[in-house]
Amino acid sequence: MVVDRQGRSFRNLRVSLTAACNYACTYCVPDGRRLVAASDELSAADMASAVTLLVEATEIDRLRITGGEPLVSAKLEPFLRLISGLEIKDISITSNGQLLAQRLPLLLEYGIRRLNVSLDTLDAQAFREIARSGDLGSVLHGLELARVAGVRIKVNMVPLRGANENQILPMLEYCLERGFELRFIELMRMGHLARDTANFSRQYFGMDEILELIGSQHTYIQAPAPLDSTALRYEIAGLGHFGIIANESAPFCRTCSRLRLSSSGWLYGCLSSSNRHALAPLLSKPHDEALSELQELLAGALADKRDSTFSGALIPMKAIGG
Ligand code: SAM
């Protein structure tokens, strides 16, 4: 197992099943064009083989399927089937929820009991302006079906000044009433926002302001969170929890255990680095050779991790797998 000077190792894998997405969110896609799958994307079988190797080579026991948008991909069913026998204690999915109502039976069939659903607003017009596709009603319907089915749900919201900061409190009430844990994700300097710092600074709405707004309505206290959690968690007594993923205000680099596998078979060790390591060529090699070469790739990916500060990277979230 590869461990760095700070004691960090990979325990947590994010797999971007496809780069294709049915949204074109303003902060993810600069030109408003919806994303298509990359021409060199791995098949479901190859992705599952890559995950199998990674589980064998590391202490990874948590897997999150993301994208792009994983629920648009025909690879979802075969991928879930092929990884179902692996020793992974927790498999979850991050989705925009647009197709959740249709895909929920499949997720339940494969034992998915945890979902992160990205939703930036409860205002239908603001929804269209941010996501530039899809419709709010479908997401809310999918969330309700998943709730009734007993799925544990976290809702991800990226607060953006001038676009949805007036939704922070309505979103919190909506989530508290339904037992969903709302997690505010501070806007990150990824993709075009890494270059366009003026645009980033104009829209950025950080942790202090989020907490001030919530504090005007609720009393909250900090709540325990796992050591390598990305989110600071807070409890509102008797009502529930919320979290803030504060990449900018309170980076969690020192305890980060995440490794990312892109849909084209590249490994990424850090969101603040565009360095990538080619896992795909190992899939056609004999098992022992592949495993030993993988250790070298993992050492390289771990060395990409930042010591303490998050800086973002030119690679967009949709490609690296958010
Ligand atoms: N399509 C899925 C979804 O919407 O959840 C999975 C992929 S998406 C890239 C994963 C998460 O990354 C979403 O919650 C999205 O809001 C977030 N995201 C994308 N670009 C971001 C940025 N520049 N800053 C902060 N969060 C971002």
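The values are calculated or read from the model by the stated rules, or taken from the named source; none is laboratory data. Remember, predicted model here, so these are calculated numbers, not experimental data. Here Cβ is always computed from backbone atoms with ideal geometry, including for glycine, and neighbour counts include all displayed protein chains.
Tabulated data
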{"quantity": "Selected residue (only one of Gly206, Gly215, Gly240 is within 16 Å of the ligand (Cβ to nearest atom) and under 30 Å from Gly162 (Cβ atoms))", "calculated": "Gly206"}
{"quantity": "Which numbered condition Arg5 misses (of (1) away from the ligand (no atom under 16 Å from the Cβ); (2) assigned to a loop (DSSP other than H, G, I, E, B); (3) under 19 Å from the mean Cα position of the chain (by Cα))", "calculated": "(3)"}
{"quantity": "Members of segment 207-249 that are outside any strand (DSSP E or B) and of a type in the set (Val, Ile, Thr)", "calculated": "Ile210, Ile214, Thr219, Thr230"}
{"quantity": "Test: residue in segment 286-297 that is without any contact (Cβ under 8 Å) to a residue 24 or more places away in the chain and either touching a strand residue (DSSP E or B) at 6+ places or on another chain (Cβ under 9 Å) or within 16 Å of the ligand (Cβ to nearest atom) (or both)", "calculated": "yes"}
{"quantity": "Condition met for Gly162 (farther than 15 Å from Ala24 by Cα, in a helix (DSSP H, G or I) and away from the ligand (no atom under 11 Å from the Cβ))", "calculated": "no"}
{"quantity": "Hey, Asn275 over 30 Å from Ala223 (Cα atoms) and either modelled with pLDDT under 95 or in a loop (DSSP other than H, G, I, E, B) (or both) or not", "calculated": "yes"}
{"quantity": "Residue within segment 98-110 that is in a loop (DSSP other than H, G, I, E, B) and under 17 Å from Val51 (Cα atoms) present", "calculated": "yes"}
{"quantity": "Among (1) crowded, with 21+ Cβ neighbours inside 10 Å; (2) of a type outside the set (Asp, Glu); (3) within 16 Å of Ser262 (Cα to Cα); (4) more than 15 Å from the ligand (Cβ to nearest atom), the one test that Ser43 misses", "calculated": "(1)"}
{"quantity": "Sole residue being within 13 Å of the ligand (Cβ to nearest atom), β-branched (Val, Ile, Thr), at pLDDT 95 or above and assigned to a helix (DSSP H, G or I), chosen from Val155, Val117, Val139", "calculated": "Val139"}
{"quantity": "Filter pass, Arg14 being within 14 Å of the ligand (Cβ to nearest atom), in contact with a Gly (Cβ under 9 Å, 6 or more places away or on another chain), under 20 Å from Leu100 (Cα atoms) and of a type in the set (D, E, K, R)", "calculated": "yes"}
{"quantity": "Selection within segment 120-136 - part of a loop (DSSP other than H, G, I, E, B) and free of Cβ contacts under 8 Å to residues at least 40 places away in the same chain", "calculated": "Asp135"}
{"quantity": "Top-ranked residue of segment 87-114 - restricted to ones that are within 16 Å of the ligand (Cβ to nearest atom) and among the β-branched types (Val, Ile, Thr), ranked as surrounded by the most Cβ atoms within 10 Å (Cβ to Cβ)", "calculated": "Ile93"}
